[in-house]
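The values are calculated or read from the model by the stated rules, or taken from the named source; none is laboratory data. Note that the structure is predicted; figures quoted are calculated from it, not measured. Please note: Cβ atoms are built from the backbone with ideal geometry, for glycine as well, and neighbour counts cover all protein chains shown. Keep in mind that these areas ignore ligands, DNA and RNA; they rest on the heavy atoms of the full protein, side chains included. Shrake-Rupley method; radii C 1.70, N 1.55, O 1.52, S 1.80 Å.
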Amino acid sequence: MTGWLTGRRRHRPDDGDTAAPTATAASTDPTPHDEPLRVASRLHAFNRYELKYLVPVDQAARIRDELGERMDQDLHSPVGGYGVWSLYYDTPQLRFYWEKIEGLKFRRKLRIRHYGDLDGVTDDSPVCVEIKQRVNRVTQKRRITLPYAVARQLCDGREEIAHSAKEKAFVHEVLELVVRLNLQPTAITGYQREALVGRDQDTGLRVTFDRRIRGRDRDFHFGTERPENRFLIPPHMSVMEIKVNERAPYWITDLAARRNLNLIRVSKYVQSIEAFGLAPRSVFHVREEDLPPAPPETAARSVPVFTAPVVSPRSPLSPVHPTTPTTEVLHP
C-alpha cells in the first residue's frame, strides 16, 4: 500500500501527563506513552486496513453503483445513508492531534459516537464509547455501547460505571486516559454515510461513502438545539474508504485505477481542528483550492467551507487565531 505518512516529525507543544484532581475512578497504573495497551473487551473489537479517496459526490454515486455488482448494501445503511456523529476528546495541548501529524506508529484517540440523526437524542439514546488506535499500518477499534448519559458519566464525569467482567479492561482504560491525560471534549464531526459490504470470498471488505462532512468546536452535547455546524470539506466532495482485514481484492484496486482515484491522507478530526484554527494547516489538510470545482448547479446552492489561515507551525506561546466565519450556519 502507498500513501502512508513518512518524513520528518513536526514539532508539537509539550504535553504533560497531568491527572485531573476531580477524578473519582479507582486508580490505575499509568501506561507509558510507547507501551502496548492492555487487552480490552473483544465484544466490539476489530482490526483492519483503510484506504481513503476524495471523490466528487456525482462520481461517488457511479462508483457505488459499479460496486453494487459485487457488493451488498449494508443492512444498517438505508437508501440515502445514515448519520454518523462523533465527539472527539483530546488534551488541552491537542496531544492526539499532534501524534497524528507526527505520524507516530502507535497512536490512539477517544471518541463518543452516535449513529443516526441527532433530533431527539436523549440520555437513554445508545452511543459508542470508542478507542480508535493505529499500530503501524493497522487500524484497531474497541468500543462499548452505552446509554448517552452513562457515556458522559464515564468520559466527562470521569466516574467508573457498571460493567461486566469482559468490559472491565476497556472501561478502566478509558478512565485511565481521561484522568491521566486530562482529556476534554474538543470537536464534533458529522456526515452522511452509505456503506457496502463484500460478499462470498470478499466478506471482510467494506466500502463507505461519507458526504456533507461538517463539524463544530463548541456545544458538545449531541442534543444541542440548532448548533452551528459548518462544512469541513466542500459539500460537492465525499470521502470514500476501502476497509479490509488483510488486503484489498484485485478488482477493487483495478476500479480505483480505472477511475483515476488517488490515495489521500485525510482525517476528519484533523480537518476539524485545523478548519477551526486550533492548529496550523498540515499535510493532511484538504484545501478547497486543490479540489475539482463544484458543478454549476451545486456551486449555486453550496455553502463556503470554513477555513483558518495558513500559518507556520506554532510554539506553545504562539496560538493560532481563527478567521471570522462568513459561512451560513448549518444544522444537523
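For the condition open to solvent by 30 Å² or more (accessible area, probe 1.4 Å), modelled with pLDDT of 95 or more and not in a helix (DSSP H, G or I), VAL150 does not qualify. A count restricted to the range 163-184 and to residues that are open to solvent by 40 Å² or more (accessible area, probe 1.4 Å) and either of a type in the set (Lys, Arg) or in contact with a helix residue (DSSP H, G or I) (Cβ under 8 Å, 6 or more places away or on another chain) (or both) stands at 3.
The residue of the range 227-276 that is nearest to ILE101 (Cα to Cα), among those that are small (Gly, Ala, Ser) and part of a loop (DSSP other than H, G, I, E, B), is SER267.
Here's the yes/no breakdown for (1) farther than 27 Å from ASP117 by Cβ; (2) open to solvent by 40 Å² or more (accessible area, probe 1.4 Å); (3) out of contact with any Leu (no Cβ under 9 Å at 6 or more places or on another chain); (4) modelled with pLDDT of 80 or more:
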| site | (1), (2), (3), (4) |
| --- | --- |
| ASN260 | yes, yes, yes, yes |
| ALA275 | no, no, no, yes |
| LEU291 | yes, no, no, yes |
| PRO296 | yes, yes, yes, no |
| ALA300 | no, yes, yes, no |
| VAL305 | no, no, no, no |
| ALA308 | yes, no, no, no |
| SER315 | yes, yes, yes, no |
| HIS321 | yes, yes, yes, no |
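As a summary of the residue check, VAL127 satisfies the conditions (1) over 19 Å from SER272 (Cβ atoms); (2) in a strand (DSSP E or B) except for the one numbered (1).
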